[in-house]
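The values are calculated or read from the model by the stated rules, or taken from the named source; none is laboratory data. Given the structure is predicted, the values throughout are model-derived calculations rather than measurements. All Cβ positions, glycine included, derive from the backbone under ideal geometry; neighbour counts span all protein chains shown.
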Amino acid sequence: MAKSIEEINEKIRSGSVVVLTAEEIIDVVRKEGIRKTAKEVDVVTTGTFSPMCSSGAFFNIKQDKEKMKLGGGWATLNGVPVYAGLAAADIYLGATALPDGDPRNNNGRPGRFRYGGAHVIEDLVSNKNILLSAGAYGTDCYPKKKREKMINLEDMNEAILFNPRNCYQNYNVAVNLSDKPIYTYMGKLNPNLGNANYCSAGQLSPLLNDPFYRTIGIGTRIFFCGTEGYVVWNGTQHNPDASRLENGTPSIPAGTLTLIGNMKAMNPKWLRAVSFTGYGVTLSVAVGLPIPILDEEMVKFVSVSDADLKAPVVDYSAYYPVGEGDPKLGEVTYAELKSGTIEINGVKVPTGGFSSYVKAIEVAEYLKHLIKNGEFYLTQSVLPLPGPASGKEGSS
């Protein structure tokens, strides 16, 4: 018998809701079967804690008595440039932004980027003071031409984390077939298949548990870096028509989400700056999505295990991989990746994950706790995400 989100929310209010994590439900379905599980379980929580480069923040900075027009001028936060081509007091800071002059090499060797936009965001969420430096041309209504002062989140009317592309639905396993090490957003890749790096929570990953976006859409409430956030659009590079496995999950990078949340309510435990040698900086963020169990089909989707999920192995030394048209060296399951070793071209290759599975479990468990205690309710999306043209589409 089908359930509605409204009915599930009523169970949350009454304290009778049954919530499992995407890890827990796998064994439950094996023991109880799909039909019984669909009747008994109301919500499955997912989680991820991963570097997500397409992240950043909008700030509206309180004006001094003598006002200044940031729009059209320039500004930095702790030396990191921000985009100031908005209104008088609005700026946008990208997580991967770097200060001018940050060295890209060190005596011919790839350099490590010590501080960037992600670090500014983490410092602000950690209630630290940062240096705002800004310059403008001055107008009759905004006469001030220079501003330099220490500020924090209290000096901002709004601080909004706005991430255009998060929660990739599956991703590449990166390797290097060349005879030289290369430095990428997937970390250092050692020569001659010296290692294989991946970045996904696998069976806990949000979009891998709702492959056709039946319950995830615009307006979906999420757990976002310690507070509530929302899905506000499909993410950039959203690719719902990616090739899919028999269980519906994509076999290459597919769907993505645009996310928004209030930075002032976030917790640095769930948001961390990361620096990659020879590449740059990025931001690791915690995202948890609740999946309502509307019917038996949703139980099938949320009960996929790491052994059911496959990722493409791609050589990052030959070209920049962009998706379905690129040659692959093969596919491996997330169970194999998490075992610590995979086999490629007859070679046993050690694996490393940039997505923290331990933290992903924490996210899913914490979201489960919030729902069971009546502190987090599910939302009906106002518009589905674009789904595969060949059939299934979001229906929330």
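For the stretch 283-302, what are the residues that are under 30 Å from Val175 (Cβ atoms) and surrounded by fewer than 23 Cβ atoms within 10 Å (Cβ to Cβ)? Scanning the stretch 283-302 gives a single hit, Phe301.
Of the listed requirements (1) at pLDDT 95 or above; (2) within 28 Å of the chain's Cα centre (by Cα); (3) surrounded by 15 or more Cβ atoms within 10 Å (Cβ to Cβ), Asn157 misses just one: (3). Only residues that are in a strand (DSSP E or B) and of a type in the set (Asp, Glu) were counted in the stretch 206-242, giving 1. The number of residues in the stretch 135-152 that are within 14 Å of Leu124 (Cβ to Cβ) and either crowded, with 18+ Cβ neighbours inside 10 Å or in contact with a Phe, Trp or Tyr (Cβ under 7 Å, 6 or more places away or on another chain) (or both) comes to 0.
Could you list, in sequence order, the residues of the stretch 83-121 that are of a type in the set (Gly, Ala, Ser), at negative phi and modelled with pLDDT under 85?
Gly111
Of the numbered criteria (1) more than 19 Å from the chain's Cα centre (by Cα); (2) within 24 Å of Met186 (Cβ to Cβ), the one Met298 fails is (2).
For Lys188, the requirement of being more than 30 Å from Tyr213 (Cα to Cα), buried (at least 17 other Cβ atoms within 10 Å of the Cβ), of a type in the set (Lys, Arg) and outside the structural domain of Pro350 (by TED's automatic domain parsing) is not met. Just one of the listed residues (Gly340, Gly330, Gly352) is farther than 27 Å from Lys128 by Cα, surrounded by fewer than 19 Cβ atoms within 10 Å (Cβ to Cβ), at pLDDT below 95 and not basic (Lys, Arg), namely Gly330. Within the stretch 278-310, if we keep just the residues that are in a strand (DSSP E or B) and in contact with a Pro (Cβ under 9 Å, 6 or more places away or on another chain), the residue that is nearest to Asn267 (Cα to Cα) turns out to be Val285.
Of everything in the stretch 154-205, what is part of a strand (DSSP E or B) and acidic (Asp, Glu)? Give them in sequence order. Break it down stepwise before answering.
Just the residues of the stretch 154-205 that are part of a strand (DSSP E or B), to begin with: 156-166, 173-175, 182-184, 187-189, 196-198.
Of everything in the stretch 154-205, just one residue is part of a strand (DSSP E or B) and acidic (Asp, Glu), namely Glu158.
For the stretch 72-86, a residue qualifies if it is under 28 Å from the mean Cα position of the chain (by Cα) and in a loop (DSSP other than H, G, I, E, B), and the qualifying residues are Asn78, Gly79, Val82, Ala84, Gly85, Leu86.
Pull up the stretch 52-71, narrow it to residues that are part of a loop (DSSP other than H, G, I, E, B) and either touching a His at 6+ places or on another chain (Cβ under 6 Å) or of a type in the set (A, V, I, L, M) (or both), then point me to the one that is farthest from Gly235 (Cα to Cα). Filtering the stretch 52-71 for residues that are part of a loop (DSSP other than H, G, I, E, B) and either touching a His at 6+ places or on another chain (Cβ under 6 Å) or of a type in the set (A, V, I, L, M) (or both), the one farthest from Gly235 (Cα to Cα) comes out as Leu70. Pairs are defined by a Cβ separation below 8 Å, a sequence spacing of at least 6 or placement on different chains, a first member in the stretch 311-336 that is closer than 20 Å to Arg244 by Cβ, and a second member that is modelled with pLDDT under 90 and charged (D, E, K, R); the pairs so defined are Pro312/Lys328; Val313/Lys328; Val314/Asp326; Val314/Lys328.
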